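Trainee: First the structure, which I've put down as C-alpha cells, then a few questions once you've had a look.
The values are calculated or read from the model by the stated rules, or taken from the named source; none is laboratory data. What you see is a predicted model; the values in this text were computed from it and never measured. Here the Cβ positions follow ideal geometry from the backbone for every residue, glycine too, while neighbour counts run over all protein chains shown. Areas reflect the complete protein model, heavy atoms only, side chains present, ligands, DNA and RNA absent. Shrake-Rupley method; radii C 1.70, N 1.55, O 1.52, S 1.80 Å.
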Amino acid sequence: MDMIYLLDLAGTAVFAISGVQVAGQMRMDPFGATVLAAVTAIGGGTIRDAILDVGPAFWVHDPVYLTVIILTSMLTILFANRNHRMPPILLPLADAAGLALFTVLGTQKALAYGAPGMTAVVMGVITGVAGGIIRDLLASRVPMVLQKDIYATASVLGGLVYTGALLIGITEGLAMLLAMTGVFTLRMAAVHWHLRLPIFVLKHHRS
C-alpha cells in the first residue's frame, strides 16, 4: 500500500468517527450512525470524482473504504456505549484531522488528473467539507461550513499551501505535511480560541 492510499483510509476513519459523534448527539440508532458516518467519510470525495469525471467514485470498486467505515462506526459506538459518553474534544479533533487529510488528498488528486491549480484547490475544499455538509443537513443542523467558525477557510489555506509548495519545488511529501499541519492547526486554534471570520450584516434602511 502506498502512503496516499493509507492517508485516504485514515481520513475515511476519522471522518467516520465525526459522523458517529453527530449521530450520537442526535440519538440515532446504529444504522443511522453508520449512514451518517458513510456520507461524512465519502460524500466529499464522491462529489469531487463526479465533477472531475474520473469514472465511478473511488469507493465503488474498492470495498476497503466501506469496510473501514463500518468497522470504525461499530467500534466508536461500542466505545461510547461502554463509557456512556464521548470525550467532548473528540468531534473537533476528528473533524479537523479529516478536514486536513481530505483537503490535501482532494487537491492532490485533482492535480494528478490535470486540473489547474485554482481548480485543484476548489476540489480539495469540496473533498474536505462536502461530506460534513451532508452530515449536518441529515442531522438537521446548520452546516459547520456556513457558520462563523473558521472551517472552509482552513481548507482553502491547505489547498493553497500545497499547490504553492509544489510550485516552488518542495517535494510532494513535505508539501502535504505542511498543508495538513496548516489546516489542522488553524482549525483547532479556531476551536480553542473561538476564532471567527467577520460577520456580514445587511442593515435595512428605514423609509
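Trainee: Using every alpha carbon pair in region 163-207, what percent of pairs falls into each 10 Å bin from 0 up to the bin containing the largest distance?
Mentor: Computed distribution, short to long bins: 22, 26, 23, 16, 9, 4, 0.
Trainee: Percent of alpha carbon pairs in region 123-200 separated by more than 15 Å?
Mentor: In whole percent, the share of Cα-Cα pairs in region 123-200 beyond 15 Å is 60.
Trainee: When the Kirkwood radius is taken over all Cα pairs of region 104-165, what Stokes-Einstein diffusion coefficient follows at 37 °C and 0.692 mPa s, in µm²/s?
Mentor: 276
Trainee: Please list 36-46, 101-111 highest first by mean number of surrounding beta-carbon atoms within 10 Å per residue.
Mentor: Ranked by mean Cβ neighbours within 10 Å, highest first: 101-111, 36-46.
Trainee: Also: Which FRET efficiency value, to the nearest 0.05, is calculated for ILE199 and LEU174 with the Förster distance at 41 angstrom and r the Cβ-Cβ distance?
Mentor: 0.65
Trainee: How many Å² of accessible area per residue for the chain, probe 1.4 Å?
Mentor: 53
Trainee: Return the equivalent ellipsoid semi-axes of the chain as a descending list in whole Å, where each equals the square root of 5 times an eigenvalue of the C-alpha gyration tensor.
Mentor: Working through the eigenvalues yields semi-axes of 26, 24, 16 Å.
Trainee: Mind grabbing the accessible area of ASP149 for me, 1.4 Å probe, Å², rounded to tens?
Mentor: 40
Trainee: Moving on. Based on alpha-carbon positions alone, could you give the equivalent ellipsoid semi-axes of region 80-185 from the gyration tensor, as √(5λ), descending, whole Å?
Mentor: 28, 15, 11
Trainee: Can you compute the equivalent ellipsoid semi-axes for region 1-91, i.e. the square root of 5 times each eigenvalue of the Cα gyration tensor, sorted largest first and rounded to whole Å?
Mentor: So the three semi-axes of region 1-91 are 25, 13, 11 Å.
Trainee: So, with a 1.4 angstrom probe, what is the percent of accessible area on region 1-44 that is carbon and sulfur?
Mentor: 70
Trainee: Still on this structure, I have one more. When Lys and Arg each count +1 and Asp and Glu each count -1, what net charge do the other residues less than 11 Å away from MET123, Cβ to Cβ, add up to?
Mentor: Result for the local shell: +1.
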